[in-house]
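Colleague: This structure is in structure tokens; I'll ask about it shortly.
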Amino acid sequence: MAIETQWHDYDVVVIGSGGAGSAAAHAAAESGARVLVVSKDPIGCSDTKISEGIITLRGSAEDADTRQVLSDNLRVAGADLPDPEITDAFAADSRDAYDWIRRQGLRPDIDEERGGPQTVPVAFGGHTHRRSVVHRNSGVAFSHAHWNAVVQGAGIDYLEDTWVLDLVTVDDGDPCVAGAVIYDAGHGELLAIRAPSVVIASGGLGTMYFPKTDTMRGNTGDSYALALRAGADLVDMEQVQFLPFCITYPPSYEGLIASEPGVAGYLGVLRDAEGKLLLDGLMLRTRAECAAAMVRAVNEGRGTERGGCYLDLTANVAAPRSGPYFEVFLNTTLSKVMGTVRQAMGRKATKCQEWWEVRPSAHYCMGGVRVGPDAAAKTDEDRAAVRGLFSAGQAMGGVFGANRLGSTALSENAVFGIRAGHGAAAVAKASKPADDAVFTPLLDGYRGLFGQGSADAPACLVRELQEACWEHIGPARTRSGLETMLTKIAELRRRCSEATVSCEGVWNQSFIDRVELASMLDTAEAVARAALTREDSLGAHVRLDGGQTSLLWSRPWSAVVRRDAADGWGVVKAPRKGTPFLQLLAYLYRDRKRKVALRLLRSLPLRWRDAVIEGRYRATMGPLKSGDEKVAEAQVAEA
Amino acid sequence: MKVEIVLHRDGEDRPVTYEYQPREEGERPMVLDLLLQAQTSEILDLSYRYGCRNRACGLCTVDVNGRPRLSCRARVKEGDSISAQGTLPVLRDMIGRRDGIARQLRGHLPNAILANDLNVAAGDDFHALTACIDCYACLHDCPMHARNFRDGEEQRDDGNAYRWGNPFSLLKLQRLRLDPLASESDRVGALETARELGLDACVDCPGCKCGIGIDLKGKVIAPLLEQL
């Protein structure tokens with residue numbers, strides 16, 4: 001059966017319907033554009049929906065939390081790889097962006113005294129201020145809002161069960177977007193969409209590491225692969241965030257999140273397989289610091305059989321006065337996660353009466369499409385960027401650099417989704433439609449895949465790639481491993497091109513697996529090539545065969561990956577502006593001071609320690625009422 | 001462990017037997033574990049939806065022995081039969097066409113809440129409804145949704161939306177009614193939409209069941225019926 005092609009016209013195509021895509025679509029439609037949202041999964045079924053639902057809201061708890069403070073915090077925590085113009089934009093818009101989500105129906109609990117959303121009682125690991133707002137029902141509460149923005153959006157059309165196969169571009173010296181080619185699985189058709197602007201907001205790459213990931217299945221690196229193939233630059237692709245504390249067992253729960261450094265309490269520590277202290281002061285540490293310590297220990301043979309370590313939270317609950325505060329704090333901040341922990345590890349673990357075996361899992365890609373603060377594609381000064389190409393959310397790079405602080409991704413979605421939507425609508429107004437002939441090669445190529453090949457099943461090749469990704473471009477890397485990865489990718493590319501694709505029109509699973517495999521291969525190669533360029537460890541990128549990049553004594557640079565016209569790969573180092581030496585020194589001094597203070601606190605006799613910690617919890621949480629622990633526990637049971 | 005997987009190809013159900021290979025002694029796998037294994041061992045082009053493996057995304061609903069379950073959190077037993085949700089048209093294998101459900105609400109909820117002061121807390125009942133993950137398990141045995149398939153012909157409008165409602169749509173409408181920032185006309189409109197979608201079907205219905213445990217009858221249907 002021949003696959004039919006339907007043609008449509010839009011001003012803006014938005015790929016993805018999660019936190020970023022919904023914001024982009026809503027903003028573009030608000031600017032008068034005719035918008036098409038294209039989503040593989042049902043509207044709103046994204047990483048945002050399954051997240052912890054904790055968002056960064058500048059100034060929510062402390063007036064000293066100015067724009068400059070937040071921007072600097074993001075940049076320094078990201079080892080100066082973030083683009084300062086982008087972190088400034090994040091800091092400038094975070095409050096308005098949050099209000100936009102609220103106008104779509106998100107309802108936080110309100111701190112009556114401050115007259116605003118209630119803030120988590122501690123500063124999350126790496127944050128210099130308390131500014132994370134927790135929501136009942138976690139990310140699901142956000143997904144209702146993002147669903148509303150798309151489904152109720154005036155001027156927005158949307159399609160579910162649809163895969164964007166490639167962007168169509170025209171290049172007469174000034175490359176620009178002409179549209180997109182799409183597979184509509186629900187109807188068994190190809191769609192050719194003429195559109196002068198596209199917003200890539202289709203999330204990350206966690207599925208490359210399955211099952212060692214806690215993200216949605218749909219994260220097959222589509223965002224990065226589509227951008228690369230359209231001629232855009234990717235930045236910081238070696239910086240894949242591995243969440244340190246994830247479940248190792250039983251297999252059905254493998255990879256899911258168990259906890260966060262920021263909620264490890266004043267006394268949470270990491271231990272190796274023999275119980276020796278591996279890392280203390282967890283609550284002040286970033287995800288990257290914890291994950292790096294764990295993979296290094298495992299590499300030295302100090303890990304558990306399943307390649308993990310132990311998260312020991314027992315001291316937090318053993319203290320008679322502060323223990324109940326910790327329980328309430330843990331169960332209310334991570335209610336959904338604690339529900340999962342209870343199912344996977346049992347009640348004793350949930351009560352923190354025993355150590356948890358944990359291992360890092362792929363969670364988020366800090367790298368992504370190289371854009372400016374307007375979320376429009378950007379490249380080197382002597383090159384022309386693809387006009388009409390925008391990106392937001394996890395798909396974009398430049399916001400977080402070498403480490404993303406907890407709770408910042410949900411703000412990133414709305415901040416840059418809105419900017420991308422407005423920008424895309426403006427470009428569309430000033431563009432003329434391209435000739436339909438530019439669609440032909442892509443349409444013919446994809447149509448030709450149906451009924452082709454008679455070798456491997458794409459689903460099996462995907463599994464082979466996933467195993468290789470974990471081993472070679474996972475949380476621990478070496479030059480020889482990265483080179484092995486490139487060889488494996490070349491082999492899988494060859495087998496992918498001969499893989500079996502049936503000729504079914506409606507929901508052709510082998511076709512879907514085939515195109516997702518191709519995306520994962522492109523994205524895996526971008527990660528491997530960027531990782532080869534960075535020979536020392538920095539942030540989330542851990543090189544077992546290299547040294548550690550010093551923040552104070554090195555000049556920051558970002559790895560930029562692109563594909564050249566001749567189908568070659570290019571990797572260049574783009575210099576970044578470093579934080580002034582004294583400012584950096586002050587930041588590091590403050591960080592060190594807090595960690596030393598925490599260590600001192602841990603070494604105090606139990607009675608004193610308990611009293612100090614109780615006082616700190618009380619100052620932010622208020623006095624505990626009898627029964628609060630039961631209420632918090634019930635919330636977990638409900639989750 | 002042998003299990004029946006009901007494939008759906010070329011418009012027909014094709015049951016096949018699949019033998020699960022346990023990954024360790026005494027493993028009690030979930031339905032999703034079985035589907036994942038089947039896809040890379042014997043049924044290489046098996047189609048099924050899943051997302052988070054963690055009971056949060058609402059994508060992986062299938063029928064186990066004729067009843068809707070989230071495959072990521074449903075233990076599978078010897079002799080179980082796994083098929084697509086029986087309440088939606090099947091595209092292929094476990095994949096149902098979901099799109100017509102949400103689409104029926106298009107234009108019936110506000111495009112944005114325009115209240116001046118956003119710092120108003122919502123009540124427990126509002127948050128109880130926000131727990132909904134759109135798994136569509138509630139379509140099972142729903143007499144209102146069944147009206148869409150009366151007389152063998154699917155009842156959809158031009159935009160592919162189902163004519164008649166379901167507990168999910170009613171939940172969205174009741175949630176709006178409980179939103180402290182919704183306007184009076186939003187609330188009145190939500191009730192009107194519930195009526196148009198066929199709320200009368202709920203009058204004699206023993207009640208719907210939520211896939212993740214929301215009290216649909218008490219918190220959604222009863223308060224709407226009170227206004228009927």
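The values are calculated or read from the model by the stated rules, or taken from the named source; none is laboratory data. This structure is a prediction, so every number in the text was calculated from the model and none was measured. Every residue, glycine as well, gets a Cβ built from its backbone with ideal geometry; the counts of neighbours run over all protein chains shown.
Colleague: Quick one: which of B:Leu114, B:Leu88, B:Leu118 is under 30 Å from A:Val38 (Cα atoms), within 9 Å of another protein chain (Cβ to nearest Cβ) and not in a helix (DSSP H, G or I)?
Modeller: When all the criteria are applied, what remains is B:Leu114.
Colleague: So in the range B:98-111, with the set limited to residues that are at the interface with chain A (Cβ under 7 Å from one of its Cβ atoms) and of a type in the set (A, V, I, L, M), which one is nearest to B:Arg195 (Cα to Cα)?
Modeller: Out of the qualifying residues, it is B:Leu105.
Colleague: For the subset of the range A:192-229 comprising residues that are surrounded by fewer than 24 Cβ atoms within 10 Å (Cβ to Cβ) and among the aliphatic types (A, V, I, L, M), which member is farthest from A:Phe390 (Cα to Cα)?
Modeller: A:Ala192
Colleague: A:Ala185 fails exactly one of the following numbered conditions: (1) surrounded by 24 or more Cβ atoms within 10 Å (Cβ to Cβ); (2) over 24 Å from B:Ile95 (Cα atoms). What is the number of that condition?
Modeller: Looking at each condition in turn, A:Ala185 falls short on (2).
Colleague: Follow-up question, since we're still on this one. Scan B:Thr61, B:Thr40 and give me the residue that is among the hydroxyl-bearing types (Ser, Thr, Tyr) and either at the interface with another protein chain (Cβ under 7 Å from one of its Cβ atoms) or over 30 Å from A:Thr48 (Cα atoms) (or both).
Modeller: Just a single option satisfies the conditions, and that option is B:Thr40.
Colleague: Another question about this same structure. Residues of the range A:42-65 being within 13 Å of another protein chain (Cβ to nearest Cβ) and farther than 15 Å from B:Arg49 by Cα, which ones?
Modeller: Our first condition is that a residue be within 13 Å of another protein chain (Cβ to nearest Cβ); within the range A:42-65, this holds for A:42-53, A:57, A:60.
Result: A:Asp47, A:Thr48, A:Lys49, A:Ile50, A:Ser51, A:Glu52, A:Gly53, A:Leu57, A:Ser60.
Colleague: Among the numbered criteria (1) at the interface with chain B (Cβ under 9 Å from one of its Cβ atoms); (2) under 30 Å from A:Gly155 (Cα atoms); (3) in contact (Cβ under 8 Å) with a residue 24 or more places away in the chain, which single criterion is violated by A:Ser39?
Modeller: (1)
Colleague: Additional query: Between residues in the range A:555-573 that are at positive phi and residues that are among the small types (Gly, Ala, Ser), which pairs lie under 6 Å by C-beta distance while being six or more apart or on different chains?
Modeller: Every condition considered, no pair remains.
Colleague: If A:Thr213 satisfies every condition in (1) within 14 Å of another protein chain (Cβ to nearest Cβ); (2) among the hydroxyl-bearing types (Ser, Thr, Tyr); (3) within 30 Å of A:Gly505 (Cβ to Cβ) but one, which is the exception?
Modeller: Result: A:Thr213 passes all but (3).
Colleague: Filter the range A:607-632 for residues that are in a helix (DSSP H, G or I) and modelled with pLDDT under 85; which is surrounded by the fewest Cβ atoms within 10 Å (Cβ to Cβ)? Let's see the steps before the verdict.
Modeller: Kept after step one, since they are in a helix (DSSP H, G or I), are these residues of the range A:607-632: A:607-621, A:628-632.
This time we only want the ones that are modelled with pLDDT under 85, so: A:628-632.
Working: A:Asp628: 18, A:Glu629: 17, A:Lys630: 10, A:Val631: 12, A:Ala632: 19.
Top of the filtered list is A:Lys630.
Colleague: I want to confirm something. Restricting to the range A:373-431 and keeping residues that are assigned to a helix (DSSP H, G or I) and among the polar types (S, T, N, Q), which single residue is surrounded by the fewest Cβ atoms within 10 Å (Cβ to Cβ)?
Modeller: The extreme case among them is A:Ser411.
Colleague: Which of (1) out of contact with any Cys (no Cβ under 6 Å at 6 or more places or on another chain); (2) within 14 Å of chain B (Cβ to nearest Cβ); (3) more than 20 Å from A:Gly53 (Cβ to Cβ); (4) modelled with pLDDT of 95 or more is the odd one out, the single condition A:Gly153 does not satisfy?
Modeller: (4)
Colleague: Of all residues in the range B:123-133, which are facing another protein chain (nearest Cβ under 7 Å), out of contact with any strand residue (DSSP E or B) (no Cβ under 9 Å at 6 or more places or on another chain) and touching a residue at least 12 places away in the same chain (Cβ under 8 Å)?
Modeller: Answer for the range B:123-133, where residues must be facing another protein chain (nearest Cβ under 7 Å), out of contact with any strand residue (DSSP E or B) (no Cβ under 9 Å at 6 or more places or on another chain) and touching a residue at least 12 places away in the same chain (Cβ under 8 Å): B:Phe126, B:Thr130, B:Ala131.
Colleague: So A:Lys573 fits all but one of (1) surrounded by 11 or more Cβ atoms within 10 Å (Cβ to Cβ); (2) closer than 24 Å to A:Thr333 by Cα; what number is the exception?
Modeller: A:Lys573 satisfies all of (1) surrounded by 11 or more Cβ atoms within 10 Å (Cβ to Cβ); (2) closer than 24 Å to A:Thr333 by Cα except (2).
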